[in-house]
Structure formats: structure tokens, C-alpha cells
Amino acid sequence: EVPLEGLGTRRVAGTVWRTQRVGLHDRFVAGRLRVLPAAWVIAAPTEEDRAALDRHGVRYEIATAERGARMQRFVIADVRRAERLFQGHHEVALGGSWEPGPDAVAEGSLVVPSRQPLGRMAAQLLEPESEDSLFTWNHFDARLQVGAPAPVLRVERWTGE
């Protein structure tokens, strides 16, 4: 530690070096695997939804007409909020189950195709069970209700084409 006039004490590199062992985690195992859907859908998108996807470079489109689809929705059974603040947020973890959803994407819905350069990023952001999703980081908090579906649907496949 070196005292710097007017700045207090600072740590600076010294001339004595020592070897120290540290842990290294360079492999990760997924706790849950999901097959990517054809797309994700936010039926009633907000400007904040668009901005969040734009910030991450994820492509999306707004449905200009109703489109047939086989979809799934995540019905929320519980919402667990972390008590401790982390990076300015109380992280959220959702519990629930997947069940069949509507059979069409409504006009005006925000559609995020999985076949895009950032398809895996889209999965990380939009899957309700993802540990680093927009759900986790409080983006959808105002739209979360136990017993109701999460605001993001999964398109298993497009129909009627």
C-alpha cells in the first residue's frame, strides 16, 4: 500500500510475486434442456419489450395478420423473489408448467424467430425458466401472476401454411 498525496492510500503492484492456486470453472452442465421453438411470441408487447430485444440485438417482427400456430404457454405456479439485491435487482425465479396455448398468433403480437444469428440469446432472454432471462431481471414483473400464463408463448410449429 502506498500513500498518494491528496488521494489516500492505494494498492499498487509490488516487486515480490507469489504463486497462488485459484479455482477455475470452465465447463458448465445445463440443469434443464429445451428444444428451441420455431419462435417466441409476446401477445401484448410494450415499447420496453422492443427496447430490451433491441439492446441485445435480437431480431423480431410485429405480426401484421393473425397466423395459425401450435403454441405452448407457461402457467405460473409460483414466483420466488430473491431477498437480497443483486446488481440493483431482486432476481425472480418462476415455477410452473407448460400446457397447450392458443392456436393462433394475434395481429400486433411481437414474434421472435429462433432461426436467427442470436437465436440462443433469444432463448436465454425469453424462456420463463432461464436463469438469466428478462423474467429473472424483473422486466416482466408487472405481468406476472400466479395461476396465469407468462407473457411469452412458445410456437412449436406454424400451421396452415
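Judged by the ratio a/c of the largest to the smallest principal axis of the C-alpha gyration tensor, the range 109-161 counts as oblate, that ratio being 1.5 or greater while a/b is no larger than b/c. A full extension of the chain between residue 2 and residue 107 corresponds to an added length of 31.3 nm, given 0.36 nm per residue minus the alpha carbon distance. Taken along the Cα-to-beta-carbon direction at a fixed 7 Å, the label points for residue 17 and residue 138 span 4.4 nm. For the pair residue 130 and residue 85 in one chain, pulling the backbone fully straight at 0.36 nm per residue adds 14.3 nm over the alpha carbon distance. The distance between label points at residue 78 and residue 48 comes to 2.6 nm (points 7 Å beyond Cα on the Cα→Cβ vector). Taking a ≥ b ≥ c as the square roots of the Cα gyration tensor eigenvalues, with a/c under 1.5 meaning rounded and otherwise prolate when a/b beats b/c, else oblate, which class fits the range 6-68? Because a/c hits 1.5 or more and a/b fails to exceed b/c, the range 6-68 counts as oblate. Tilt of helix 47-56 relative to the longest C-alpha principal axis of the chain, in degrees (0 to 90, nearest 10)? Taking the Cα atoms of the chain, the angle to 47-56 is about 50 degrees. A 1.4 Å probe run over the chain, with the rest of the protein chains in place, finds 70 Å² accessible per residue. Calculated from the alpha-carbon coordinates, the chain shows an Rg and a Dmax of 21.6, 75 Å respectively.
Give me the percent of accessible area attributable to carbon and sulfur for the chain, probe 1.4 angstrom.
Working: 5690 of 11280 Å².
Heavy-atom surface of the chain belonging to carbon and sulfur, 1.4 Å probe: 50 percent.
The values are calculated or read from the model by the stated rules, or taken from the named source; none is laboratory data. Everything numeric in this text was worked out from a predicted model, so none of it was measured. Please note: Cβ atoms are built from the backbone with ideal geometry, for glycine as well, and neighbour counts cover all protein chains shown. The protein model used for the area step is the full one, side chains on, heavy atoms only, and it has no ligands, DNA or RNA in it. Shrake-Rupley method; radii C 1.70, N 1.55, O 1.52, S 1.80 Å.
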